[in-house]
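K.L.:
Before we start, here is the structure in question, set down as structure tokens.
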Amino acid sequence: MTSAIRTIARQVSGFVLATAVSLGIVAYGQWLWQPLVIANIKLHPAIPWAAPTMAVLLAGLLGVLSGRIGPKAGRERRRELFRWNRMPWPTFFLAVGAGVLGMAAFGGLWIAASDLVHIPPGVQPKMGHIPLVTVISFLVMAALAAPLSEEAAFRGYATGILQKAWNNAPAAIIGSTVLFAAVHVVQGLDAVKLGLYFGAGLIFALIGYLTNSLYAVMVVHSVGDVMGFTVLWPHDQVAHGMGFADPKFAPALAAMAIFTPLAILAFRKLAVASRPLRVTAKPAAQALGALPIVA
């Protein structure tokens, strides 16, 4: 086998492995949650039992992925792939701020796109008859389950596996973001919608790459999901005018015009401030004032 063939084989096998691992993590962290919600709605909806059940299941998943529990074999590699690397508090807040600005611009893009091209509505259970406390528990857990599992799957494990297989960070970011967008096909097989998910994935991936950590990007992902649950998805699920016939179209364009340049400036500042974190995770984890969590 020639060197070129071996390289191609390694790259292909790396992508297959990244796909299998990331889908497995999402299947556990996401696809367990949806049946629990449906079961909670049908069985004792006044008691919000699905959220605490999922919290226990999610804690177990994160414990194994981070190497804190589970088999000792491969524990260090799991910690490396999970990327719960510490960072200075100012960098953390800067990363979250840049991400929130990016999400604000992205929200405008989503609504504007759905007012120009029809986007199929996402899958959401009907909750009009569900007690408010149960609905709130669903919203809180959904805003945790998706960011924690998806970031571990795509910005953590998939990116790490692809970067090792391909030896190219930008390619690994693109590859893992393709996987992130593809897994959202369950929300509708639509090129525009999957393209929007790809765009959101690039924002998350950029934060993860610049900070060499998943802490800030998990927070930003949660903010994005709350925006999706409360603004974007409901907008797509009801009949609305197209273009300026929709009252939300002009504010969406304004959000894009205002927040896009602010997000670009914030990300440029983050790239400079977080440069030491990308040298190696070990020194970054030992920085003074670092987040007091997993090294």
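The values are calculated or read from the model by the stated rules, or taken from the named source; none is laboratory data. What you see is a predicted model, and the numbers here were worked out from it, not measured in a lab. Every residue, glycine as well, gets a Cβ built from its backbone with ideal geometry; the counts of neighbours run over all protein chains shown. What goes into the accessible areas is simple: the full protein's heavy atoms, side chains included, and nothing from ligands, DNA or RNA. Shrake-Rupley method; radii C 1.70, N 1.55, O 1.52, S 1.80 Å.
K.L.:
What pairs can you find where one residue is in segment 215-228 and free of Cβ contacts under 8 Å to residues at least 40 places away in the same chain, the other is of a type in the set (S, T, N, Q), and their Cβ atoms are less than 6 Å apart, with a gap of 6+ or different chains?
P.N.:
Qualifying pairs under 6 Å: none.
Here is a yes/no grid of residues against (1) more than 30 Å from Glu76 (Cα to Cα); (2) in contact with a Lys or Arg (Cβ under 7 Å, 6 or more places away or on another chain); (3) at pLDDT 95 or above:
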| site | (1), (2), (3) |
| --- | --- |
| Leu116 | yes, no, no |
| Gly122 | yes, no, no |
| Met127 | yes, no, no |
| Ile130 | yes, no, no |
| Val135 | yes, no, no |
| Ala146 | no, no, no |
| Arg155 | no, no, yes |
| Lys164 | no, no, no |
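Per-residue answers, yes or no, for (1) open to solvent by 20 Å² or more (accessible area, probe 1.4 Å); (2) in contact (Cβ under 8 Å) with a residue 24 or more places away in the chain; (3) at positive phi; (4) over 16 Å from the mean Cα position of the chain (by Cα):
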residue: Pro131; (1), (2), (3), (4): yes, yes, no, yes
residue: Phe138; (1), (2), (3), (4): no, yes, no, yes
residue: Ala142; (1), (2), (3), (4): no, yes, no, no
residue: Lys164; (1), (2), (3), (4): yes, yes, no, yes
residue: Ile173; (1), (2), (3), (4): yes, yes, no, no
residue: Thr177; (1), (2), (3), (4): no, yes, no, no
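K.L.:
Name the pairs whose Cβ atoms lie under 7 Å apart, with the first residue in segment 181-194 and part of a helix (DSSP H, G or I), the second among the aromatic types (Phe, Trp, Tyr), and 6 or more positions between them or separate chains?
P.N.:
As it stands, the answer is Ala181/Tyr197; Ala181/Phe198; His184/Tyr197, since those pairs meet every condition given.
K.L.:
For segment 210-222, which positions are farther than 24 Å from Leu139 by Cβ and surrounded by fewer than 23 Cβ atoms within 10 Å (Cβ to Cβ)?
P.N.:
If we filter segment 210-222 for residues that are farther than 24 Å from Leu139 by Cβ, which is where we start, we get 210-213.
Asn212, the sole residue that qualifies.
K.L.:
Collect the residues in segment 60-95 that are crowded, with 22+ Cβ neighbours inside 10 Å and of a type in the set (Val, Ile, Thr), keeping them in residue-number order.
P.N.:
Scanning segment 60-95 gives a single hit, Thr91.
K.L.:
With the requirement that a residue be open to solvent by less than 60 Å² (accessible area, probe 1.4 Å), of a type outside the set (A, V, I, L, M, F, W, C) and part of a helix (DSSP H, G or I), what does segment 226-259 give you?
P.N.:
Gly228, Pro234, His235, Asp236, Gly243
K.L.:
Which one is nearest to Ala153 (Cα to Cα), of the residues in segment 1-27 that are modelled with pLDDT of 90 or more and hydroxyl-bearing (Ser, Thr, Tyr)?
P.N.:
Selected residue: Ser22.
K.L.:
Right, something else. Please enumerate the residues belonging to segment 2-21 that are more than 27 Å from the chain's Cα centre (by Cα) and either among the aromatic types (Phe, Trp, Tyr) or in a helix (DSSP H, G or I) (or both). Break it down stepwise before answering.
P.N.:
Step one: list which residues in segment 2-21 are more than 27 Å from the chain's Cα centre (by Cα), which gives 2-9.
Those that are more than 27 Å from the chain's Cα centre (by Cα) and either among the aromatic types (Phe, Trp, Tyr) or in a helix (DSSP H, G or I) (or both): Ser3, Ala4, Ile5, Arg6, Thr7, Ile8, Ala9.
K.L.:
Working only within segment 144-168, note down all residues that are farther than 19 Å from Tyr197 by Cβ and of a type outside the set (A, V, I, L, M, F, W, C).
P.N.:
Gly160, Gln163, Lys164, Asn167, Asn168, listed by residue number.
K.L.:
Also, I was wondering about something else. May I ask you to say which residue of Ile41, Ile8, Ile47 is open to solvent by 60 Å² or more (accessible area, probe 1.4 Å), farther than 28 Å from Gly201 by Cα and among the β-branched types (Val, Ile, Thr)?
P.N.:
Answer to the check: Ile47.
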